[in-house]
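Novice: Please see the structure below; I have some questions.
The values are calculated or read from the model by the stated rules, or taken from the named source; none is laboratory data. What you are looking at is a predicted structure, and each value in this text was computed from that prediction instead of being measured. Here the Cβ positions follow ideal geometry from the backbone for every residue, glycine too, while neighbour counts run over all protein chains shown.
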Amino acid sequence: MGRKDRHSDILTAKPQVSDGRTESTSEQKAVRPSMQTRVRPRLNKSDLKKKFRWDEFLAEKLITTVAFLSLATIALIFIFVFREAAPIFKGSDPNVTQQPAVPHEEEETYGSESLGEGSKRLAEKQASSTSLETSGNEGEASLSNLLSTSWQPVSRVPKYGLLPLVMGSFKVTLLAILIAGPIAILAALFTASFAPKWSKEIIKPSIEILAGFPSVVIGFFALVILATLMQDLFGYQYRLNVFVGGVAMSLAVIPIIYTVAEDALTAVPKYLTEASLALGATKWQTAAFVTLPAATPGVFAAVLLGFGRAFGETMIVLMATGNAALLSLNFLEPIRTMSATIGAEMAEVVFGDTHYNVLFLLGAILFIFTFTLNAVAEIFIRQRLMKRFKGM
Amino acid sequence: MKLQRKLIGTSFVTLTALSAFVIIVAVILVMGTIVVNGAGLLSWEFLTAAPTEGMTEGGIFPAIAGTALLVIIMSIVGVPVGTVTAIYLSEYSKQTSIIGRSIRFAVNTLAGVPAIVFGLFGLGFFVQFVGSGMDRVFTDGVQLKWAQPNILWASLTMALLTLPVVIVSVEEAIKTVPADLRAASLALGATKWQTIWKIVIPNSLTGILTGAILAVSRGAGEVAPILFTGAAYFLPHLPSSISDQFMELGYHVYIMSTQSTNVDATKGIQYATTLVLLLLTFMLNFSAVFLRSRVRRHQIQ
């Protein structure tokens, strides 16, 4: 801040002195005849010192304060999401209102009409898991309850097993990344290395349009069109499942992976590719064995960012995965993710209830997970890439 | 041997081209089906009428109005804050200072927080904490006015969500303001704040507008943060004050396609509503891209 301003103050000080000369004060008259040649501008120490201006000071402080808002928001998100989740670990809360007893058969179906079979299957699974459930703390969110294998928050004996939800989130995310990753990275390689100019002008806007799709639109597309289409094509049992959700989610993830990967690929220094071409390697050899390896950290960061986005995405999984909290490795079964659970159940929950706290706990897990992923990706993008290109 | 290598090369290039092609096809497929199925029902009446017959007939005017109100309040709060933060980051903070770096880190983190976590934050902070605090102050805690989901809390939540979008866009625009202009202004004796107010901000107005448009586009499309901070299933009237709940386009699509009593009967409405939402975000994004390309061209000159 300092230097430029002092400079400008000197400049503003000059005219004052010359003004003084034209007015010709008595002091200067006395000096003039003896010097004859020119008048030195008199700069006192106080002229050189930076002037204190109230408006400048206030503007800077105000701007700084507002800028701190984003920092404060992160801190507040951290505090408030954890604050609402904290009572779980303090043991039972006396203010907790008793949950109305809801029979097992009345499972909430947030998916669509074809969930009938899904919930029947769910009921079977729950019956089997109920018999396995031996933890004594009924209805309380104890650690053993949280780590159990069934999620039945609205039942006579509420069970808050987070495992099926965590598993669900990972299944959908993994599938989405497995689909979106190769497609987006290869497409980015295409635009960075091979694409003629006219095709770039189609691909880039397409990516931007895809990035602009609201997630609810993608979810709607998956629920109404994609699910039926894929069931007809592959003939599996449940219309809404991990597969549909994963494919739909890949649509949301492709733009992120593509953009970050393309940035990394085009940032590869020209001398590397030119050296490779000069040595006689073909275009595709250069792309596959020079450009892509050189951009690995950036591409890896792209995948991480995509992972984070898919993990926290709500509307697509809420609409397209069937929302049955099953714990299985089958990718053709419905699943319920952490984010979808929050989205579907938060509106119907009693404030301050254990169920409410557990949903906040899910949010806290989501927050920490994506926070870590983004931080790691950031490190990969910023430092590794720099080091790599500078150190070479 | 040579032929084999050439074959591998060609197939590799084809594979990459194919991936790009798949993306384009996916975009066309999603847009195509929604446009084809939704265009039939789209009419002036559909846009200006309220839902009737238990939401199986009629239009979506309340949802459009609610969305508009949401993004307006959101912009009033979010755009100035985002702009000022961008000014701080590019004009006041030094690249190496801890404060500047931590704010930048916060902005990046904010951009990566899942939308649903913003929703939780809106519920936990605005509704439960600020809202009940306001109730205690204004109505002695007797009346439940602010401590419940409403459009103000939803808009504020959305403003926080879209803050990074504004910041990034404005900062990019500020960077394009030539250093000569700043130096000239300072050399003429203007102070730092005068330079920012008279030179930097006017020259990056397009960028600020771009940021605002992108934020509005993002805010209009995001549903997760408003699920439990203010969106309503159905309201017979438009929100009359900021403590009212509201209907929203994206939420309407979600509700109609998953929780409506008769999903099949409302297929047409669902498609048409989705189309409206898609067209809205598409137009907003397009104008933002257009503005941004103008800024870039300006920069080259």
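Novice: Among the listed residues A:Phe89, A:Phe82, which satisfies the condition of being surrounded by fewer than 14 Cβ atoms within 10 Å (Cβ to Cβ), under 22 Å from A:Phe371 (Cβ atoms) and at pLDDT below 90?
Specialist: Working: A:Phe82 fails: surrounded by fewer than 14 Cβ atoms within 10 Å (Cβ to Cβ).
Result of the check over A:Phe89, A:Phe82: A:Phe89.
Novice: Right, something else. Any residue at all in region A:222-233 that is assigned to a helix (DSSP H, G or I) and within 25 Å of the chain's Cα centre (by Cα)?
Specialist: Yes, region A:222-233 contains at least one residue that is assigned to a helix (DSSP H, G or I) and within 25 Å of the chain's Cα centre (by Cα).
Novice: Starting from residues that are under 20 Å from the mean Cα position of the chain (by Cα) and more than 7 Å from chain B (Cβ to nearest Cβ), keep the ones in region A:183-212 and report whichever is nearest to B:Val27 (Cα to Cα).
Specialist: If we filter region A:183-212 for residues that are under 20 Å from the mean Cα position of the chain (by Cα), which is where we start, we get A:184-185, A:207-212.
Keeping just the survivors that are more than 7 Å from chain B (Cβ to nearest Cβ) gives A:184-185, A:211.
Values: A:Ala184: 13, A:Ile185: 17, A:Ala211: 10 Å.
Once the filter is applied, the top-ranked residue is A:Ala211.
Novice: Okay, moving on. Since B:Thr176 meets every condition but one in (1) on the phi < 0 side of the Ramachandran plot; (2) within 13 Å of chain A (Cβ to nearest Cβ), which condition does it not meet?
Specialist: So the condition that B:Thr176 fails would be (2).
Novice: Pull up region B:216-252, narrow it to residues that are of a type in the set (A, V, I, L, M, F, W, C) and facing another protein chain (nearest Cβ under 10 Å), then point me to the one that is farthest from B:Leu160 (Cα to Cα).
Specialist: Residues of region B:216-252 of a type in the set (A, V, I, L, M, F, W, C): B:216, B:220, B:223-224, B:226-228, B:231-232, B:234-235, B:238, B:242, B:246-247, B:249.
Now drop any that are not facing another protein chain (nearest Cβ under 10 Å), which leaves B:220, B:223-224, B:227-228, B:231, B:249.
Details: B:Ala220: 14, B:Val223: 14, B:Ala224: 13, B:Leu227: 16, B:Phe228: 16, B:Ala231: 17, B:Leu249: 20 Å.
Residue satisfying both the conditions and the ranking: B:Leu249.
Novice: Moving on. Taking only region B:188-215 into account, find how many residues are away from chain A (no Cβ under 12 Å) and hydroxyl-bearing (Ser, Thr, Tyr).
Specialist: Total satisfying the criteria: 3.
Novice: Still on this structure, I have one more. Being outside any helix (DSSP H, G or I) and at pLDDT 90 or above is the filter here, so list the residues in region B:188-209 that pass it.
Specialist: As a first pass, look at region B:188-209 and keep what is outside any helix (DSSP H, G or I): B:188-191, B:204.
Hit for region B:188-209 is B:Leu188, nothing else.
Let's see how each residue does on (1) buried (at least 18 other Cβ atoms within 10 Å of the Cβ); (2) facing chain A (nearest Cβ under 8 Å); (3) within 23 Å of B:Tyr233 (Cα to Cα):
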residue	(1), (2), (3)
B:Phe12	yes, yes, no
B:Val22	no, yes, no
B:Val25	no, no, no
B:Pro62	yes, no, yes
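Novice: Starting from residues that are of a type outside the set (A, V, I, L, M, F, W, C) and not in a loop (DSSP other than H, G, I, E, B), keep the ones in region B:27-45 and report whichever is nearest to the other protein chains (Cβ to nearest Cβ).
Specialist: Step one: list which residues in region B:27-45 are of a type outside the set (A, V, I, L, M, F, W, C), which gives B:32-33, B:37-38, B:40, B:43, B:45.
Checking the rest, the ones that are also not in a loop (DSSP other than H, G, I, E, B) come to B:32-33, B:37-38, B:45.
Numbers: B:Gly32: 10, B:Thr33: 5, B:Asn37: 8, B:Gly38: 10, B:Glu45: 22 Å.
Only one residue fits best here, namely B:Thr33.
Novice: Okay, next question. Output yes when any residue across region A:262-273 is more than 30 Å from A:Phe213 (Cα to Cα), buried (at least 19 other Cβ atoms within 10 Å of the Cβ), within 14 Å of chain B (Cβ to nearest Cβ) and in contact (Cβ under 8 Å) with a residue 12 or more places away in the chain, and no when none is.
Specialist: Checking region A:262-273: not a single residue is more than 30 Å from A:Phe213 (Cα to Cα), buried (at least 19 other Cβ atoms within 10 Å of the Cβ), within 14 Å of chain B (Cβ to nearest Cβ) and in contact (Cβ under 8 Å) with a residue 12 or more places away in the chain.
Novice: Also, quick follow-up: Any idea which of A:Gly312, A:Gly391 is of a type in the set (Gly, Ala, Ser) and at pLDDT below 85? First the steps, then the outcome.
Specialist: On the way: A:Gly312 fails: at pLDDT below 85.
Being of a type in the set (Gly, Ala, Ser) and at pLDDT below 85 holds for just one of A:Gly312, A:Gly391, which is A:Gly391.
Novice: Which members of region B:120-145 meet the condition of being small (Gly, Ala, Ser), within 18 Å of A:Tyr356 (Cα to Cα) and surrounded by fewer than 19 Cβ atoms within 10 Å (Cβ to Cβ)?
Specialist: Across region B:120-145, the qualifying residue is only B:Ser132.
Novice: Right, another one. Could you tell me which of the residues A:Ile202, A:Ile207 is assigned to a helix (DSSP H, G or I) and in contact with a Pro (Cβ under 8 Å, 6 or more places away or on another chain)?
Specialist: Numbers: A:Ile202 fails: in contact with a Pro (Cβ under 8 Å, 6 or more places away or on another chain).
None of the other options fit; the residue is A:Ile207.
Novice: If only one of B:Ser90, B:Ser102, B:Ser132, B:Ser169 is touching a Ser or Thr at 6+ places or on another chain (Cβ under 8 Å) and among the hydroxyl-bearing types (Ser, Thr, Tyr), which one is it? Show your work before the answer.
Specialist: On the way: B:Ser90 fails: touching a Ser or Thr at 6+ places or on another chain (Cβ under 8 Å); B:Ser102 fails: touching a Ser or Thr at 6+ places or on another chain (Cβ under 8 Å); B:Ser132 fails: touching a Ser or Thr at 6+ places or on another chain (Cβ under 8 Å).
Result: B:Ser169 is the single residue among B:Ser90, B:Ser102, B:Ser132, B:Ser169 that is touching a Ser or Thr at 6+ places or on another chain (Cβ under 8 Å) and among the hydroxyl-bearing types (Ser, Thr, Tyr).
Novice: Would you please name the residue that is nearest to A:Phe68 (Cα to Cα), looking only at residues in region B:100-112 that are within 7 Å of chain A (Cβ to nearest Cβ) and without any contact (Cβ under 8 Å) to a residue 40 or more places away in the chain?
Specialist: Of all residues in region B:100-112, those within 7 Å of chain A (Cβ to nearest Cβ) come to B:102-103, B:106-110, B:112.
Retained after the next criterion (residues that are without any contact (Cβ under 8 Å) to a residue 40 or more places away in the chain): B:102-103, B:106, B:109, B:112.
Working: B:Ser102: 9, B:Ile103: 7, B:Ala106: 9, B:Thr109: 14, B:Gly112: 18 Å.
Ranking the candidates gives B:Ile103 first.
Novice: Whether any residue in region B:151-161 is of a type in the set (A, V, I, L, M, F, W, C) and farther than 30 Å from B:Phe105 by Cβ is what I want to check. Walk me through it before giving the result.
Specialist: First, the residues of region B:151-161 that are of a type in the set (A, V, I, L, M, F, W, C): B:151-154, B:156, B:158-161.
Those left that are additionally farther than 30 Å from B:Phe105 by Cβ: B:151.
Yes, that holds for at least one residue.
Novice: Looking at this structure, is A:Ala278 away from chain B (no Cβ under 14 Å) and modelled with pLDDT of 90 or more? Before you say what the answer is, go through the steps one by one.
Specialist: Values: away from chain B (no Cβ under 14 Å): yes; modelled with pLDDT of 90 or more: yes.
Against the criterion (away from chain B (no Cβ under 14 Å) and modelled with pLDDT of 90 or more), A:Ala278 qualifies.
Novice: Could you check region A:352-383 and list, in sequence order, the residues that are part of a helix (DSSP H, G or I), of a type outside the set (A, V, I, L, M) and more than 30 Å from A:Ala295 (Cβ to Cβ)? Can you show your working first?
Specialist: First, the residues of region A:352-383 that are part of a helix (DSSP H, G or I): A:354-383.
Now drop any that are not of a type outside the set (A, V, I, L, M), which leaves A:354-357, A:360, A:363, A:367, A:369-372, A:374, A:378, A:380, A:382-383.
Listed by number, the residues that qualify are A:Thr354, A:His355, A:Tyr356, A:Asn357, A:Phe360, A:Gly363.
Novice: Follow-up question, since we're still on this one. Of everything in region A:339-351 that's within 9 Å of chain B (Cβ to nearest Cβ) and part of a helix (DSSP H, G or I), which residue is farthest from the chain's Cα centre (by Cα)?
Specialist: Result: A:Ala347.
Novice: Has region B:112-126 got any residue that is in a loop (DSSP other than H, G, I, E, B) and within 30 Å of B:Pro239 (Cα to Cα)?
Specialist: Initial filter on region B:112-126 (in a loop (DSSP other than H, G, I, E, B)): B:113-114.
Right, trim to within 30 Å of B:Pro239 (Cα to Cα) and you get B:113-114.
Yes, some residue in region B:112-126 is in a loop (DSSP other than H, G, I, E, B) and within 30 Å of B:Pro239 (Cα to Cα).
Novice: Where the second residue is assigned to a helix (DSSP H, G or I) and the first is without any contact (Cβ under 8 Å) to a residue 24 or more places away in the chain and lies in region B:201-220, which pairs have Cβ atoms under 7 Å and are six or more apart or on separate chains?
Specialist: Hits for this filter: zero, empty list.
Novice: Right, something else. Give the residues of region B:235-265 that are buried (at least 22 other Cβ atoms within 10 Å of the Cβ) and assigned to a loop (DSSP other than H, G, I, E, B), sorted by residue number.
Specialist: Within region B:235-265, B:Met247, B:Glu248 qualify.
Novice: Ok, one more. Any residue in region B:69-81 that is facing another protein chain (nearest Cβ under 9 Å) and assigned to a helix (DSSP H, G or I)? So that I can check it myself, show each step before the final result.
Specialist: Applying the first criterion (facing another protein chain (nearest Cβ under 9 Å)) to region B:69-81 yields B:80-81.
Subsequent filtering for residues that are assigned to a helix (DSSP H, G or I) retains B:80-81.
Yes, there is a match, as at least one residue in region B:69-81 is facing another protein chain (nearest Cβ under 9 Å) and assigned to a helix (DSSP H, G or I).
Novice: So B:Thr48 fits all but one of (1) surrounded by fewer than 18 Cβ atoms within 10 Å (Cβ to Cβ); (2) more than 7 Å from chain A (Cβ to nearest Cβ); (3) under 25 Å from A:Leu305 (Cβ atoms); what number is the exception?
Specialist: Exception for B:Thr48: condition (3).
Novice: Here is a list of conditions, (1) within 20 Å of A:Pro205 (Cα to Cα); (2) out of contact with any helix residue (DSSP H, G or I) (no Cβ under 7 Å at 6 or more places or on another chain); (3) facing another protein chain (nearest Cβ under 8 Å), and B:Gln259 meets all of them except one; can you say which number that is?
Specialist: It fails just one condition, (1).
Novice: Residue check, A:Val303 against (1) closer than 20 Å to A:Pro158 by Cβ; (2) in a helix (DSSP H, G or I), all met but one. Which one?
Specialist: (1)
Novice: Let me ask something additional. So B:Val168 ticks every box in (1) in contact (Cβ under 8 Å) with a residue 60 or more places away in the chain; (2) within 10 Å of another protein chain (Cβ to nearest Cβ); (3) over 30 Å from B:Gln245 (Cβ atoms) but one. Which box is left unticked?
Specialist: The one condition B:Val168 does not meet is (2).
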